[in-house]
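Taking it in order: structure first as C-alpha cells, then the write-up.
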Amino acid sequence: MASDEKSPRLGIGLDIGSTATKLVVLGADGAVSHTDLMPTGFSSVDAAARALASLEAAGFAPGGGARVVATGYGRVAVPYADKVVTEITCHGRGAAHLFGPEGTVIDVGGQDTKVIRLRGGRVAKFAMNDKCAAGTGRFLEVMADRLSVSQEELSALARTGEPTRISSMCTVFAESEVISLVGRGEPRENIAGGVVESVAGRVATLVASAGGSAPYYLTGGLCDNGYVVERLAALLGAPVTTCSEARYAGAIGAALAALDMG
Amino acid sequence: MTDASTPIELPRTFEEFNEQRRQSFLKVKDFKQAGGRLVGYLCSYTPLEVIDAAGASAVGLCGTSDEVIPAAEEVLPANLCPLVKSTYGFAYSQKCPFTHFSDLIVGETTCDGKKKMYELLGELKPTHILHLPQGRSRAHEREGWYQEVVALKEALERLYGIRITDDTLREAARLRNRLRRATLALFELQRAEPPAMSGVELMSTMFAGTFNFDVRAYVESLERLGEQRRAEAEAGGSPVGAGAKRILVTGCPVGGVIGKVGATIERNGGVVVCEDDCGGERTNRFMVDEDAPDILRAIAERYLKINCSVMTPNEDRFVATREMMEKYRVDGVIECVLTACHTFNVEAARMECAVEEAGVPYMKIETDYSSGDLGQLETRIAAFIETL
Ligand code: SF4
Ligand code: SF4
C-alpha cells in the first residue's frame, strides 16, 4: 500500500488468538486510539472480517498511512495485513512497552502458554506449551464448567478452600478426576483450589524450564484473575506484575511493528 | 537364508500398491533376480565397507514416513520414536521394497527402542545385531566392537558362501572415503554467503543417498552435483536470499522431517547451512585409515568415533557442533528431537549450554512424522528466526 501523505500515520495491531481476537490502534506518538476485543469463534477468516468492520466503524480503516500487522494463530487469515509477525515477537514487544525492557513475560492464553525472556526490549529466549491444555486458560475453563461455576466464581471459591491435589496433568484425565472428587463429596472450594494450584504449578514449571527470572509480567486472558496471579507469584517466589491492558500485549506489539513500517 | 537362486517373491499386498510403489518393487526384484545382494542397515554405526566387500548393496532402511505407523502400533507401543515405529512398520506391512528384499538386516544395540524393536523385526526378517558399546573410552569397549565387526564379516561370509578379503575391504574403504570427501565438499558449499544451496536440497540429497545400490555411481553423481553447484554459486546464482538467517540443525536424524522442519525454516526467512545429524559433517569427516596394516580394525575404529547421543560420555558431539557453528557462521541452532528419543532429548540440556556459551541462540523442538503439529512448529520456528 502506498503511503498517503495526507492521512495520519497509524499502527494497527490485530492479534487473532484461539479464543479471543484483540485489536489495538496506536497513533504516531504511540498513544492508544482504539481497542476492541471479540471472540474469535470457529473461523479466523471470519474474525479478521469482523475486526475490519470494527476498524471501519471506529474510523480507522486500513490503507493510506495506516499499516496493519497481524499476529496470533490466525495471523495468516488476514487479507488486509501488510505484514505477519509471530505472537512471540509481538507479545514480547507489547510487554516491554507496557512493563519495561528486562524481565520474563508469562502469557497464559486460551490454548497455549508462552514464557518469553526479554533482554533490552527484545525476545532473548522463549518456551511454549502448546501440545496440551494443562497450564492454559482452557484448563480453567473446562474445570469451571465441570464445577458449574464461572471462571471468576472458580477463583473466588479457590481462595477460600484448602487445595485438593489434582494429580493428572492431562485435561481429559483431570476432568474425570474432578468428577470423581465431586462424587466423593470433596468440598467444591477445595477442588477449585486444586484446579488453580494445578494451572499455576504448570505455568511455574514452564517458567523454570525456560530459565525465566524476576521481574515477572503476566499477559493474556488471565491477567484479571487476581487469585491465579497471586498463586503464581507465590510459586515463583517473586511478584507478578500485570494490568488490564496486558491482555492486549500481542496486539500492542503488532501495532508497534506496524508503526515501524512508516 | 536367501541366496541368488531362491525365488524372489513380491509381497501379498503388491496388487494394492500404487504405481510408483509397484515400480520400485519391480526394480528391486529385477536387481535381486539378476543376482544382486541386498543388505539393509539402520544406523550410522553400521560398518558399510564390510557390506560393500561382500559384494552386496547396503541400503538404509530407517523409516521416515508416518504412513505405516498405525500398522506398527498394532505391535509396538505408541510412545516410541517415530523412526523406530516407521522402520518396523515398513517391515510389518511389507511396503518398503528395500526392507522386503533385503537378504539380511543389520542393526546395532543403540537406543532402547531400536534394540528391542529388532527382536520383533527378527521375527519378520533375518537380522544380525551388532553389539555397540555404550562408550569408547575403555579398551575393552573398543576391542569388543572390533570383535563385533569381525562377527558381521563372518556372518556375511556364511550368508553368501564367500570369503571377504583385506583387499576388497581396503578397496571399499577407499571408495567410501572418496564418498565422504565428496559429501564434505558439498556441505562446504554452504559456507558461502549466501550459501550455494537451499538446505532442503542438501537434506534431500543426503537422504536420497541412503537408497543407492552402487556406491561408485553415487560418488560420481555427488561429485558432479558439487561441481555444478559450485559453478552456479561462483556465477552468483545462489537460490537463497541474501538476508536469510543461517541455521544449524542438530539432533536426531532429520530424514523424516525435511518438509516439516527444513522447509519451514526456509519458508520463514532462514536457511539450513549445516545439517548436524549423524548423516552430516560430524560423522562424514571421520575417514578410515585406508593404509592401516589391519584394515578391518581401522574400519571398526572409524565407526566407533561417531558422536551419537546413545554413547556416554558424548562430549565430542558438543565440540563438533561448536566447530560447525563457527565454520558455517551460524546465526542460530535448532535442535530437532524426535518424539520419545530420550538420548537426544536429555543430551539437549547440555547442547543448549554448549551453544549458548558460544553466544549463539538455541531452540529445541520436539516433533514426529505426523502433520498434527505443523502450525505450532511454524510459529516456534518463525518466532525463533525473528529473534535472530
Ligand atoms: S542417531 Fe545415533 S542411533 Fe540413530 S542412526 Fe544415527 S548414529 Fe545410529
Ligand atoms: S532418533 Fe533417538 S529414539 Fe529414535 S531411533 Fe534414533 S536414537 Fe533411537
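The values are calculated or read from the model by the stated rules, or taken from the named source; none is laboratory data. What you see is a predicted model, and the numbers here were worked out from it, not measured in a lab. Cβ sites come from the backbone with ideal geometry, for glycine too, and all protein chains shown count toward neighbours. Surface areas here come from the heavy atoms of the whole protein model, side chains and all, with no ligands, DNA or RNA. Shrake-Rupley method; radii C 1.70, N 1.55, O 1.52, S 1.80 Å.
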- [ ] Please name all residue pairs, on different chains or six or more residues apart, with Cβ atoms under 8 Å, provided the first residue is in the stretch B:21-33 and is in contact (Cβ under 8 Å) with a residue 12 or more places away in the chain and the second residue is open to solvent by less than 40 Å² (accessible area, probe 1.4 Å) and β-branched (Val, Ile, Thr).
- [x] B:Lys29/B:Ile8; B:Lys32/B:Ile8; B:Gln33/B:Ile8
TODO: Would you kindly identify the helices (runs of 4 or more DSSP H) lying entirely within the stretch B:1-104 that contain at least 3 residues that are touching a helix residue (DSSP H, G or I) at 6+ places or on another chain (Cβ under 6 Å) and either closer than 30 Å to B:Arg170 by Cα or more than 16 Å from ligand 2 (Cβ to nearest atom) (or both)?
DONE: B:19-33, B:48-53, B:97-101
- [ ] Residue by residue through the stretch A:50-93, note down the ones that are touching a residue at least 24 places away in the same chain (Cβ under 8 Å), assigned to a helix (DSSP H, G or I) and more than 14 Å from chain B (Cβ to nearest Cβ).
- [x] A:Arg50, A:Ala51, A:Leu52, A:Ser54, A:Leu55
- [ ] Sort out which residues of the stretch B:359-380 are more than 9 Å from chain A (Cβ to nearest Cβ) and assigned to a helix (DSSP H, G or I), and write them in order of number.
- [x] B:Leu374, B:Leu377
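When you scan the stretch B:77-87, do you find a residue that is farther than 30 Å from B:Ile162 by Cα, away from chain A (no Cβ under 14 Å), of a type in the set (Val, Ile, Thr) and away from ligand 1 (no atom under 14 Å from the Cβ), even just one?
The first filter runs over the stretch B:77-87 and keeps only residues farther than 30 Å from B:Ile162 by Cα, leaving B:77-86.
Now restrict to residues that are away from chain A (no Cβ under 14 Å): B:77-78, B:80-86.
If we keep only those that are of a type in the set (Val, Ile, Thr) too, we end up with B:84.
Right, trim to away from ligand 1 (no atom under 14 Å from the Cβ) and you get none.
No, the conditions are met nowhere in the stretch B:77-87.
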- [ ] Considering only the stretch B:295-358, give the helices (runs of 4 or more DSSP H) lying wholly within it that have at least 2 residues that are small (Gly, Ala, Ser) and within 19 Å of B:Val249 (Cβ to Cβ).
- [x] B:342-357
- [ ] Take the stretch B:149-175 and flag every residue that is open to solvent by 20 Å² or more (accessible area, probe 1.4 Å) and either small (Gly, Ala, Ser) or under 30 Å from B:Lys260 (Cα atoms) (or both).
- [x] B:Ala151, B:Gly161
TODO: Look through the stretch A:112-158, keep the residues that are of a type in the set (Lys, Arg) and at pLDDT 90 or above, and return whichever of them is farthest from the chain's Cα centre (by Cα).
DONE: A:Arg119
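Identify, from the list B:Thr343, B:Thr321, B:Thr312, B:Thr283, the residue that is surrounded by fewer than 17 Cβ atoms within 10 Å (Cβ to Cβ), among the polar types (S, T, N, Q), more than 13 Å from chain A (Cβ to nearest Cβ) and under 23 Å from the mean Cα position of the chain (by Cα).
Of the residues listed, the single one that is surrounded by fewer than 17 Cβ atoms within 10 Å (Cβ to Cβ), among the polar types (S, T, N, Q), more than 13 Å from chain A (Cβ to nearest Cβ) and under 23 Å from the mean Cα position of the chain (by Cα) is B:Thr312.
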Open item on the list: So, in the stretch B:320-366, exactly how many residues are out of contact with any Phe, Trp or Tyr (no Cβ under 8 Å at 6 or more places or on another chain), closer than 20 Å to B:Arg246 by Cβ and more than 16 Å from ligand 2 (Cβ to nearest atom)?
Closed with: 17
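Name the residue, out of B:Leu10, B:Leu38, B:Leu26, B:Leu76, that is buried (at least 22 other Cβ atoms within 10 Å of the Cβ) and of a type outside the set (Ser, Thr, Tyr). Talk me through it step by step, then tell me what you get.
Details: B:Leu10 fails: buried (at least 22 other Cβ atoms within 10 Å of the Cβ); B:Leu26 fails: buried (at least 22 other Cβ atoms within 10 Å of the Cβ); B:Leu76 fails: buried (at least 22 other Cβ atoms within 10 Å of the Cβ).
Selected residue: B:Leu38, the only one of B:Leu10, B:Leu38, B:Leu26, B:Leu76 that is buried (at least 22 other Cβ atoms within 10 Å of the Cβ) and of a type outside the set (Ser, Thr, Tyr).
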Task: Hey, A:Asp15 away from every other protein chain (no Cβ under 14 Å), among the acidic types (Asp, Glu), closer than 30 Å to A:Ala124 by Cα and touching a helix residue (DSSP H, G or I) at 6+ places or on another chain (Cβ under 8 Å) or not - done: no
Task: All positions within the stretch B:257-271 that are open to solvent by 20 Å² or more (accessible area, probe 1.4 Å) and either among the acidic types (Asp, Glu) or outside any helix (DSSP H, G or I) (or both) - done: B:Glu266, B:Asn268, B:Gly269
Open item on the list: Under 9 Å between Cβ atoms, which residue pairs at least 6 apart in sequence (or on different chains) link something in the stretch B:249-274 that is within 13 Å of B:Leu374 (Cβ to Cβ) with a partner that is within 16 Å of ligand 1 (Cβ to nearest atom) and hydroxyl-bearing (Ser, Thr, Tyr)?
Closed with: B:Val257/B:Thr64; B:Val257/B:Thr367; B:Val257/B:Tyr369; B:Lys260/B:Thr367; B:Lys260/B:Tyr369; B:Val261/B:Thr367
Open item on the list: Need the failing condition index for B:Ala231 against (1) small (Gly, Ala, Ser); (2) within 16 Å of ligand 2 (Cβ to nearest atom); (3) open to solvent by 10 Å² or more (accessible area, probe 1.4 Å), just the number.
Closed with: (2)
